[in-house]
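The structure under discussion appears below in the form of C-alpha cells.
The values are calculated or read from the model by the stated rules, or taken from the named source; none is laboratory data. Note that this is a predicted model, so its numbers are computed, not measured. A quick note on method: Cβ atoms are made from the backbone with ideal geometry, for glycine too, and the neighbour counts reach across all protein chains shown.
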Amino acid sequence: MKKFISKFYVALVFAFLYLPILVLIIFSFNESKGTIWTGFSFKWYAELVQNELIMTSLANTLFIAVIASICSAILGTAAAFGMHNMKKLPKSILKNATYLQNLNPEIVTGISLMLLFTFFKLTPGYVTLILAHITFCVPTVVLNVLPMLRQMNVNLYEAALDLGCNRRQAFFKAVMPEIMPGIVSGTLMALTYSIDDFVISYFTAGPDSQTLPVTIYSMTKKRISPEINALSTILFVVVLAILIIVNVISAKKEKEDARKASAFYGK
C-alpha cells in the first residue's frame, strides 16, 4: 500500500507539472481559436511563420540567448577557476555573492540594471539586453562548474605536465574533459534562463530588441492567438530534444569510460 501511495504521489506531481503543457500542445493543432476541439490542423503553425512580430522576437530571443550563454560559459568557467584557487574566506564571500545573485528577485535586478545603464547613458537595445542576460547567467555557470572542480583530482594537472604536456595541453587535455559536464549543464541552464526571462528583459530591452516573453506579454492585453501555442510547442520540443541528446551522449561517454577502466584494470 505504501509503495502504491508513493507511486501515485509521483504520478500526481508529474501530471500537475506536465499536463498543462500537454494541453497546450494538443490545442496548438486545434483548427479553431477556442477551447473546443473542432479538428486537427497545422493552420496555426503556418500562420506562426507568417507573423513578422513573433518571428522577429523569436530571432532576437535566440540570438541574445546564444550570445549570453556562450559569454557566460567563458566568464563563469574562468570565475569558477579563480574562486576554486582562492583562500577560504574570500572564496566563501564570493560564493555567497554568487548565490545571492540567483536568490535576488528579478525585478530588483532588472531595475538596478536599468538604472545602471541609464547612468552610463547606454541606449536600451541589444547591448544592454545581452549584458543584462550575462549578469544573471554567469552565476549559473559558476555554480555548475565549481562542484566539478572540487571533485577533480588535484594531481591531474601536475601528472599531465610530468607526462610531457605543456601547460596549455595539460589544461585542455586533462582538466577541461573533467569539468566539461559542468560547463555543458551550466551553459544549457543559462540558455534556458535567457530564453525564458521576462522581468529583466522588460526593463533593459529597447523597442527594436524585444524578446519573445516581452512580446507575448504585450499580446496578453488582447486575446492570445493559438500561434503562441504553436510557438510554445516548438520551443518545448526543441529544448526536450537538446536535453535528450545531451543525456544520451553523457550516458554513452560514461559507459565508454567504464569499459576502458574495466579493460585497464582487467589487465
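Specify which of the listed residues (P181, P177) is in contact (Cβ under 8 Å) with a residue 60 or more places away in the chain and not basic (K, R).
None of the others qualify; the one that does is P181.
Test F203 against the criterion of being surrounded by fewer than 17 Cβ atoms within 10 Å (Cβ to Cβ), of a type outside the set (D, E) and in contact (Cβ under 8 Å) with a residue 12 or more places away in the chain, and give yes or no.
no
Can you find a residue in the range 227-245 that is small (G, A, S), touching a residue at least 60 places away in the same chain (Cβ under 8 Å), farther than 16 Å from V66 by Cα and not in a helix (DSSP H, G or I)?
The answer is no; no qualifying residue exists.
Which residues, taken from the range 27-50, are closer than 26 Å to S201 by Cβ and surrounded by fewer than 19 Cβ atoms within 10 Å (Cβ to Cβ)?
Hits for the range 27-50 are Y45, E47, V49, Q50.
Which condition breaks for S209 when tested against (1) at pLDDT below 80; (2) under 14 Å from I54 (Cα atoms)?
The number of the failed condition is (1).
Give the residues of the range 220-255 that are of a type in the set (D, E, K, R), over 19 Å from Y45 (Cα atoms) and either surrounded by 11 or more Cβ atoms within 10 Å (Cβ to Cβ) or modelled with pLDDT under 75 (or both), sorted by residue number.
Hits for the range 220-255 are K221, K222, K253, E254.
Quick one: in the range 47-64, of everything that is free of Cβ contacts under 8 Å to residues at least 24 places away in the same chain and closer than 21 Å to F29 by Cα, which residue is nearest to the chain's Cα centre (by Cα)?
Out of the qualifying residues, it is M55.
Regarding the range 172-182, can at least one residue be identified that is in a helix (DSSP H, G or I), among the small types (G, A, S), out of contact with any Cys (no Cβ under 9 Å at 6 or more places or on another chain) and under 23 Å from A97 (Cβ atoms)?
yes
Do the conditions hold for N96, that is, is it in contact (Cβ under 8 Å) with a residue 24 or more places away in the chain and out of contact with any Gly (no Cβ under 6 Å at 6 or more places or on another chain)?
When the stated conditions are applied, N96 does not pass them.
Return the pair list, or none, for Cβ contacts closer than 8 Å from residues in the range 117-143 that are under 18 Å from A97 (Cα atoms) to residues that are part of a loop (DSSP other than H, G, I, E, B) and of a type outside the set (K, R), at least 6 apart or on different chains.
Taking only residues 6 or more apart or on different chains, the pairs are H133/D197; F136/D197.
Surrounded by 15 or more Cβ atoms within 10 Å (Cβ to Cβ), of a type in the set (F, W, Y) and at pLDDT 90 or above - does that describe any residue in the range 153-161?
no
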